[in-house]
């Protein structure tokens, strides 16, 4: 019986790890999409996009990050350098 419980615990642990890994993969893809947006856009395009409403996909991502502090930290750490550098070049941050 103990052997079955051990196997069940191991399977659950692998499932949880797989889910977390999948979540990290999605987070990395979204972060790269944001980085590509900023690196591929001109300053004029970024200024125009700043005032536009968020898409449903963007709003879902924002809500997810608001509710998951750990994911938010990972996301911000990935995008901070490239995005803030571009914003600085464009005069969007002092």
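Bear in mind that the values in this text are calculations on the coordinates, not laboratory data. If you're wondering where the values come from, they're calculated on a predicted model, not measured in any experiment. Every residue, glycine as well, gets a Cβ built from its backbone with ideal geometry; the counts of neighbours run over all protein chains shown.
Descriptive notes on the structure:
- Cα gyration tensor of region 26-89 - equivalent ellipsoid semi-axes, whole Å, descending: 20, 15, 10
- Remark: spin-label model distance residue 32-residue 72 equals 2.6 nm, labels positioned 7 Å along the Cα→Cβ axis.
- Computed E for residue 64/residue 43 - FRET, C-beta separation, R0 22 angstrom, nearest 0.05: 0.15
- Length gained on full extension, residue 50 to residue 93, computed as 0.36 nm times the residue gap minus the Cα-Cα distance: 14.2 nm.
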